[in-house]
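The values are calculated or read from the model by the stated rules, or taken from the named source; none is laboratory data. Bear in mind that the values here come from a model prediction, so they are computed numbers and not experimental data. Accessible surface areas use protein heavy atoms only, side chains included; no ligands, DNA or RNA. Shrake-Rupley method; radii C 1.70, N 1.55, O 1.52, S 1.80 Å.
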Amino acid sequence: TLYFTDVDLKASPLNLELIESMLPGGLPVQGLLVGTVEVKGPLSSLDTRGDLQLTRPGETTPSSIRWAGKFDATSDVIARNFRADLTNLDLALLSALRPELNLRGVVNGHVEANGQLNERFTFAAAIHHELQGLASSFEGSGMYSNRSRELDVSLNALPLKLEDLAHVYPALARFKGEASGPIRLNGSIDDLNVEATLQTGAGQLDFNGALQR
């Protein structure tokens, strides 16, 4: 049994090109990494926490994540009571890991997750999202399955910029302005069933349909 006891790693800074040169498959991101990581316990129940900042080539504002939680790394990674605070996190970093999600923009906020990260996991989040001068805020919880690429989420828009949606679903480019209220999404991320009751500048919008891309 491999057991970690009070491992404390510090990067100040660490050029990811060094790590990439040691790995046969390389890394999906590049840049300078600064921060600390603490690990303790057996591989089946790793108690880990950290505070990392990544500055990518050409950027001046780092992406930052502070987290704590337990992980089972003996097979596929399983997270328990994972909590993370995100600051200026560029979603392009996540898209490098999961291109099918087609994530864009910068987020700030808080995320919690439990489950098998490479299979199916549940999550809750309170997020502020910015993209090309547009800002949206929402909170919600749900489930995502990596195997089937299915999503089941309940959101509350606080509010949501409708122009934001057009970056993911171009057919919605005609919609402008802000919308607030509950949204339910379920199904494949390429064919999402949507139920929403939204307050907009033009009045209430009741939507029941599907978003396809």
Q) Short version: ³J(HN,Hα) in whole Hz for each residue of segment 58-65, in order, from phi by Karplus 6.51 cos²θ - 1.76 cosθ + 1.60 (θ = phi - 60°), x for Gly and Pro, what are they? A) x, 9, 10, 9, x, 8, 10, 9
Q) For segment 21-62, what does the alpha-carbon gyration tensor say about shape, rounded, prolate or oblate, given a ≥ b ≥ c as the root eigenvalues, a/c under 1.5 as rounded, and a/b over b/c as prolate? A) oblate
Q) Could you state the number of Å between the C-alpha centres of segment 149-209 and segment 117-135? A) 14
Q | 3J(HN,Hα) from dihedral phi, segment 159-166, Karplus parametrisation 6.51/-1.76/1.60, rounded to Hz, x for glycine, proline | A | x, 10, 7, 5, 5, 4, 5, 5
Q) Per residue, what accessible area does segment 88-213 have, given a 1.4 Å probe and all protein chains present, in Å²? A) 53
